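Derivation of every value follows stated rules applied to the coordinates shown; laboratory data play no part. Quick caveat, the model's predicted, so the values are computed rather than measured. We place every Cβ from the backbone using ideal geometry, glycine too, and count neighbours over all the protein chains shown.
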Amino acid sequence: MADDEHAAEHAEEEPEVPPNMTDEELQWLREQLKAAALEAGVEGEGEEEWEDPSGGELAALLQAVEDGDAGRVAEVLKDFKADINTPGPDGDTALHLACLYGHEDCVLALLAGGADANAVNKEDGSTALHDAAAGGYLKICELILEKGDAKKLISRFDEDGESALHTAARGNHLDVVKFLIARGADPNVQNGYGNKPVDEADEQTVIDYFKSL
């Protein structure tokens, strides 16, 4: 019994992160885990099976978004009776996922269908802008700020204290970095680890840009 309890406690512990893993690699790992959680149909922690509160509608929508099938997204939304902003198994809304995967047409279909550009993932505090910026999807970032509260979204921090500018910098997405700063993002803000966006970048062109500000 003691061994079983010890095993259970160990399973609940956070997985150890290799000491030589960079912030960019860690972010990539997190995104892969989020994607894997959706595909497995379980919650982010993987402890309980996710039950679709809509009886199947939401699952169909999330699958269409993951597949990047904007036509299917629009079709599902025609008779969609559930709340389009209901989170999926890992706390992401359909819009979060569309931004995460960079499916611009799906983003457009979801926004047209009433998706909230200001929605926050209650599990990790991220917004759709965080996801779009992390992937370097400039056009999607523009769409989210156009439909949402741009000032709040740009200054919003996730559970790690990161702004969308941090995630864009980590991915070395210079065009998104420039866009966010032009829209008012603070290049000097620190995340929960005390890092500024420039500290997350590793490509010299991005670093030089920050230093030129």
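Restricting to the stretch 121-146, count the residues that are buried (at least 20 other Cβ atoms within 10 Å of the Cβ) and more than 15 Å from H103 (Cα to Cα).
Summing the residues that are buried (at least 20 other Cβ atoms within 10 Å of the Cβ) and more than 15 Å from H103 (Cα to Cα) in the stretch 121-146 gives 4.
So how many residues does the stretch 78-95 have that are out of contact with any helix residue (DSSP H, G or I) (no Cβ under 6 Å at 6 or more places or on another chain) and within 21 Å of G148 (Cα to Cα)?
Count: 7.
Output the residues belonging to the stretch 108-134 that are part of a loop (DSSP other than H, G, I, E, B) and among the hydroxyl-bearing types (S, T, Y). Break it down into steps so the answer makes sense when it comes.
Going through the stretch 108-134, the residues part of a loop (DSSP other than H, G, I, E, B) turn out to be 113-119, 121-126.
Across the stretch 108-134, the qualifying residue is only S126.
Identify, please: which residue in the stretch 201-213 is surrounded by 12 or more Cβ atoms within 10 Å (Cβ to Cβ) and assigned to a helix (DSSP H, G or I) and is, among those, farthest from the chain's Cα centre (by Cα)? Let's see the steps before the verdict.
Taking the stretch 201-213 as the starting set, the residues that turn out to be surrounded by 12 or more Cβ atoms within 10 Å (Cβ to Cβ) are 201-203, 206-210.
Next, only the ones that are assigned to a helix (DSSP H, G or I) stay: 206-210.
Details: V206: 22, I207: 23, D208: 26, Y209: 25, F210: 23 Å.
Applying the filter and picking the extreme gives D208.
Do the conditions hold for N195, that is, is it touching a residue at least 24 places away in the same chain (Cβ under 8 Å) and over 23 Å from G68 (Cα atoms)? Can you show your working first?
On the way: touching a residue at least 24 places away in the same chain (Cβ under 8 Å): yes; over 23 Å from G68 (Cα atoms): yes.
Criteria met by N195.
Specify the residue that is farthest from Y209 (Cα to Cα); the eligible residues are those in the stretch 166-179 that are under 13 Å from the mean Cα position of the chain (by Cα) and not small (G, A, S).
The qualifying residue farthest from Y209 (Cα to Cα) is T167.
Name every residue in the stretch 189-213 that is of a type in the set (D, E) and more than 18 Å from I154 (Cα to Cα), in order of residue number.
Filtering the stretch 189-213 for residues of a type in the set (D, E) gives 199-200, 202-203, 208.
Matches in the stretch 189-213: D199, D202, E203, D208.
Would you be able to tell me the number of residues in the stretch 93-109 that are closer than 18 Å to L138 by Cβ and buried (at least 24 other Cβ atoms within 10 Å of the Cβ)?
We begin by selecting, within the stretch 93-109, every residue closer than 18 Å to L138 by Cβ; these are 95-96, 98-108.
Then drop every residue that is not buried (at least 24 other Cβ atoms within 10 Å of the Cβ), which leaves 95-96, 98-100, 106-107.
Here the count works out to 7.
Given the structure, is D105 closer than 25 Å to L62 by Cα and part of a loop (DSSP other than H, G, I, E, B)?
Details: closer than 25 Å to L62 by Cα: yes; part of a loop (DSSP other than H, G, I, E, B): no.
So D105 does not fit the description; no.
Of the numbered conditions (1) free of Cβ contacts under 8 Å to residues at least 40 places away in the same chain; (2) outside any loop (DSSP other than H, G, I, E, B); (3) closer than 26 Å to A150 by Cβ, E75 fails exactly one; give the number of that condition.
Against the list (1) free of Cβ contacts under 8 Å to residues at least 40 places away in the same chain; (2) outside any loop (DSSP other than H, G, I, E, B); (3) closer than 26 Å to A150 by Cβ, E75 comes up short only on (3).
Kindly establish whether D90 is surrounded by fewer than 21 Cβ atoms within 10 Å (Cβ to Cβ), of a type outside the set (K, R), within 16 Å of the chain's Cα centre (by Cα) and assigned to a loop (DSSP other than H, G, I, E, B). Give the steps one after another, and end with the answer.
Details: surrounded by fewer than 21 Cβ atoms within 10 Å (Cβ to Cβ): no; of a type outside the set (K, R): yes; within 16 Å of the chain's Cα centre (by Cα): yes; assigned to a loop (DSSP other than H, G, I, E, B): yes.
No.
Quickly run through the stretch 60-72 and pick out the residues that are in contact (Cβ under 8 Å) with a residue 24 or more places away in the chain and over 15 Å from L100 (Cβ atoms). Before you say what the answer is, go through the steps one by one.
We begin by selecting, within the stretch 60-72, every residue in contact (Cβ under 8 Å) with a residue 24 or more places away in the chain; these are 61-62, 64-66, 68-70.
Listed by number, the residues that qualify are D69, A70.
When the residues of the stretch 160-176 are filtered to those that are in contact with a Pro (Cβ under 7 Å, 6 or more places away or on another chain) and aliphatic (A, V, I, L, M), which remaining residue is surrounded by the most Cβ atoms within 10 Å (Cβ to Cβ)?
If we filter the stretch 160-176 for residues that are in contact with a Pro (Cβ under 7 Å, 6 or more places away or on another chain), which is where we start, we get 165-166, 169.
So of that shortlist, the ones also aliphatic (A, V, I, L, M) come out as 165, 169.
Numbers: L165: 29, A169: 34.
Among residues in the stretch 160-176 that are in contact with a Pro (Cβ under 7 Å, 6 or more places away or on another chain) and aliphatic (A, V, I, L, M), the one surrounded by the most Cβ atoms within 10 Å (Cβ to Cβ) is A169.
Is it the case that some residue within the stretch 181-197 is closer than 30 Å to A109 by Cα and charged (D, E, K, R)?
Within the stretch 181-197, one or more residues are closer than 30 Å to A109 by Cα and charged (D, E, K, R).
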